[in-house]
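The values are calculated or read from the model by the stated rules, or taken from the named source; none is laboratory data. Bear in mind that the values here come from a model prediction, so they are computed numbers and not experimental data. Virtual Cβ from ideal backbone geometry, glycine too; neighbours counted across all protein chains shown.
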Amino acid sequence: MLEIRNLHASIEAKEILRGIDLKVNVGEVHAIMGPNGSGKSTLANVLAGRPEYQVTAGEVIYEGKDLLAMAPEIRAREGVFLAFQYPVELPGVNNTTFLRAALNEAHKHRNQPEVSAGAFLAMLKKKIQLVEMPDTLLNRAVNEGFSGGEKKRNEILQMAVLEPRLAILDETDSGLDIDALRIVAGGVNKLRSKDNAIIVVTHYQRLLNYIVPDFVHVLYNGKIVKSGDKELALELEERGYDWAKDEEVAAR
Amino acid sequence: MNNSDLTVEKFANEQYKYGFVTDIETDKLPKGLNEDVIRLISEKKNEPAWMTEWRLKAYRHWLTMKEPHWSNVKYDPIDYQDIVYYAAPKKKPKLNNLDEADPELVKAFEKLGIPIEEQKRLAGVAVDAVFDSVSVATTFKEKLSELGIVFCSMSEALQHHPDLVKKYLGTVVPYTDNFFASLNSAVFSDGSFAYVPKGVRCPMELSTYFRINASETGQFERTLIVAEEGAYVSYLEGCTAPIRDTNQLHAAVVELVALDNAEIKYSTVQNWYPGDKDGKGGIYNFVTKRGACRGVNSKISWTQVETGSAITWKYPSCLLQGDNSVGEFYSVAMTNNMQQADTGTKMIHIGKNTRSTIISKGISAGRSNNSYRGQVRITRKADNARNYSQCDSLLIGDKCGAHTFPYLETNNPTAQVEHEATTSKIGADQIFYLNQRGISTEDAVRLIVNGYCKEVFKQLPMEFAVEATRLLSMSLEGSVG
Ligand SMILES: Nc1ncnc2c1ncn2[C@@H]1O[C@H](COP(=O)(O)OP(=O)(O)OP(=O)(O)O)[C@@H](O)[C@H]1O
Ligand SMILES: [Mg+2]
């Protein structure tokens with residue numbers, strides 16, 4: 001479904017990603033871990049097409065297509081979803097209006113009929129239960145004045161509505177209390193299927209107890225230095241990133 | 001330069017959609033202005049002698065005045081002798097309904113996307129269409145006249161209700177008021193007149209679509225709306241104009257009078273031709289709009305959505321004379337490309353316990369300049385006056401400007417005045433967030449801008465709000481990041 005080959009990317013002439021290779025098959029969940037500043041969000045944003053980043057080398061094939069050649073909104077309509085580490089506030093833009101506009105863009109792109117306001121509201125009622133979000137948040141402006149945890153839930157609500165093929169969750173667990181973590185993770189698990197794939201960026205093994213990954217990768221200084229199964233996360237927790245880095249250095 | 005700025009550039013290259021000239025024969029005077037021209041205008045319109053005199057007095061006063069240059073706009077000097085001061089359609093049919101109208105006119109309205117027929121059906125609106133200075137279609141008049149409401153063109157009012165006109169004309173905006181108002185008083189061609197008698201609630205929105213048509217014709221509309229004791233009326237004004245090469249001057253005057261317990265709502269969606277992307281050929285819109293809350297508990301609300309004109313100079317104001325009277329001003333002023341707007345309001349508190357609210361939303365895109373100029377004056381006798389002002393500016397791209405000039409004058413210690421101002425920019429991160437959800441940059445900007453204007457839009461009558469949203473989207477087309 002997704003194949004990243006030798007991806008290099010920089011921002012403001014500073015190279016952040018220094019040759020990423022990653023293959024994600026449909027139905028898989030991949031976790032990406034790594035210390036602060038190692039480039040996890042950069043990778044997520046480059047995949048989503050954020051214009052501030054320049055891709056200097058490499059390629060990304062998504063569903064057989066050149067992902068990097070697509071405009072960000074086209075990537076989204078093709079099923080790529082990014083749950084932001086820091087969701088942006090959109091003052092004045094009604095959350096429900098926004099969600100429906102987003103869904104209808106995807107529908108138009110796939111030549112599916114638009115969803116009527118009524119049908120959408122009915123659908124939304126079900127989806128908010130998935131993240132146990134109070135429906136008052138639907139009538140507010142997108143993320144405006146939302147607490148950190150509410151913003152994160154709102155991201156997963158959007159994921160639930162848009163049903164992406166490839167979801168990238170950038171530290172969706174950070175800022176969530178223990179109950180919220182369980183709820184949000186539960187929501188993600190319900191959205192997990194054999195027809196989609198999920199990349200979870202996290203610092204905490206705790207999240208991976210709920211969303212159990214098929215693979216775990218360690219990103220260090222713009223490179224994937226170690227990959228393994230879910231046991232790797234436990235090992236990292238015990239031994240720290242230095243251990244993973246040292247292994248890479250030793251391997252060189 | 002980032003991606004969103006590039007989109008701004010792209011947007012800025014859009015063409016004005018309503019550019020077309022309708023082929024209706026016009027009867028027009030030669031260019032230039034002197035006393036004979038004014039007499040001729042008055043004569044052509046078969047006006048009473050006092051009206052002719054009033055025009056002449058205004059003209060003589062105007063000759064002593066200088067064009068104001070205090071606003072934050074720049075333009076080449078206007079040659080007032082190079083303007084045609086009167087143009088009327090040659091065929092001047094008397095119409096009972098739209099079917100009798102000149103098919104060219106109907107076509108023109110259809111091109112505007114606001115066919116009168118649809119307007120009527122949608123909203124039960126009585127439309128008094130001012131087409132190049134002379135009214136050709138006035139509807140619903142009979143239904144209104146059963147209630148004693150007069151709604152007609154100013155020319156007709158001067159024929160059929162001269163005493164009413166005489167009683168109120170120039171009482172809010174005297175012919176000496178300012179340069180453009182004096183000029184208008186001298187040469188006004190037509191406009192609307194509405195009169196709602198004591199205790200009557202006007203059951204429908206009164207609406208006029210203005211349109212400049214004949215080439216190089218300055219437009220000098222004169223509108224007067226009177227609500228007697230306990231009366232209520234909501235008036236809608238909308239306009240678009242076709243493409244021109246030379247700049248066109250538009251200097252309208254609107255006067256509102258609300259007596260005891262009366263309420264007037266005046267809504268405008270303004271979309272004069274703004275000029276091409278270099279600012280060439282747009283309309284100069286120098287308007288004097290003022291309402292007098294003359295009676296106790298009276299209320300006047302101005303709501304405006306401004307998207308057009310090369311230059312806009314406009315300050316709908318309220319004179320709060322009656323005790324407990326209320327003045328409101330809700331405005332969205334959008335400028336793009338090379339447009340310049342200097343708009344705002346004046347709230348003059350004279351009576352006791354008078355209240356005013358100002359909500360101004362400026363949006364600047366392209367290389368445009370958007371200024372808010374607002375005056376709140378609390379006079380000595382205005383005990384317990386209150387004002388709340390909120391002036392927000394939204395910038396799209398980084399070549400445009402937004403300026404706020406609040407003037408506050410308080411002569412009474414019991415006054416409570418509150419002013420809030422914000423400036424925000426549509427951020428690249430907001431655009432990207434929306435892009436990431438499948439929404440294009442154009443639609444992203446629309447969503448944000450509509451959200452930003454919501455407070456003003458909700459003041460507009462439903463069908464007008466839809467139109468305003470559409471116009472705003474159109475003006476934003478090609479302009480945003
Ligand atoms: N606009 C920018 N200008 C310069 N450097 C930047 C910019 N944006 C990001 N960086 C740098 O890129 C590097 C990678 O950042 P990134 O956000 O991808 O890290 P991360 O792995 O997600 O970290 P965290 O775990 O803290 O979220 C950091 O050193 C950061 O400072
Ligand atoms: Mg990060």
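Residues in the range B:365-407 that are within 21 Å of B:Lys280 (Cα to Cα) and under 19 Å from the mean Cα position of the chain (by Cα): B:Asn369, B:Asn370, B:Ser371.
Applying the condition of being of a type in the set (Gly, Ala, Ser) and facing another protein chain (nearest Cβ under 7 Å) to the range B:419-441 and asking which residue is farthest from B:Gly344 (Cα to Cα) yields B:Gly438. So, in the range A:182-206, of the ones that are within 16 Å of ligand 1 (Cβ to nearest atom) and assigned to a helix (DSSP H, G or I), which residue ends up surrounded by the most Cβ atoms within 10 Å (Cβ to Cβ)? Checked the range A:182-206; the qualifying residue surrounded by the most Cβ atoms within 10 Å (Cβ to Cβ) is A:Gln205. Scanning the range A:13-20 finds no residues that are near ligand 1 (Cβ under 9 Å from one of its atoms) and within 14 Å of chain B (Cβ to nearest Cβ). With respect to (1) acidic (Asp, Glu); (2) touching a helix residue (DSSP H, G or I) at 6+ places or on another chain (Cβ under 9 Å); (3) away from ligand 2 (no atom under 16 Å from the Cβ), the lone exception for A:Asp195 is condition (2).
The condition (being at pLDDT 70 or above and of a type in the set (Phe, Trp, Tyr)) is satisfied by just one residue among B:Tyr16, B:Tyr80: B:Tyr80. Among the residues of the range A:138-160, those identified as surrounded by fewer than 22 Cβ atoms within 10 Å (Cβ to Cβ), outside any loop (DSSP other than H, G, I, E, B) and away from ligand 1 (no atom under 16 Å from the Cβ) are A:Leu138, A:Asn139, A:Ala141, A:Gly149, A:Glu150. Scanning the range B:34-75 for residues that are within 30 Å of B:Met338 (Cα to Cα) and free of Cβ contacts under 8 Å to residues at least 12 places away in the same chain yields B:His69, B:Trp70. Condition first: free of Cβ contacts under 8 Å to residues at least 60 places away in the same chain, more than 12 Å from ligand 1 (Cβ to nearest atom) and either over 17 Å from the mean Cα position of the chain (by Cα) or in a strand (DSSP E or B) (or both). Can you find one or more residues in the range A:28-43 that meet it? Checked against the condition, which is being free of Cβ contacts under 8 Å to residues at least 60 places away in the same chain, more than 12 Å from ligand 1 (Cβ to nearest atom) and either over 17 Å from the mean Cα position of the chain (by Cα) or in a strand (DSSP E or B) (or both), the range A:28-43 yields no hits at all.
Among the strands (runs of 3 or more DSSP E) confined to the range A:47-124, the ones with at least 1 residues that are of a type in the set (D, E, K, R) are located at A:53-62.
In the range B:399-433, the qualifying residues are those that are of a type in the set (A, V, I, L, M) and in a helix (DSSP H, G or I), and the one that is nearest to A:Pro91 (Cα to Cα) is B:Ile431. Would you confirm whether or not the range A:72-79 contains a residue that is within 14 Å of chain B (Cβ to nearest Cβ) and touching a Phe, Trp or Tyr at 6+ places or on another chain (Cβ under 6 Å)? No, the range A:72-79 contains no residue that is within 14 Å of chain B (Cβ to nearest Cβ) and touching a Phe, Trp or Tyr at 6+ places or on another chain (Cβ under 6 Å).
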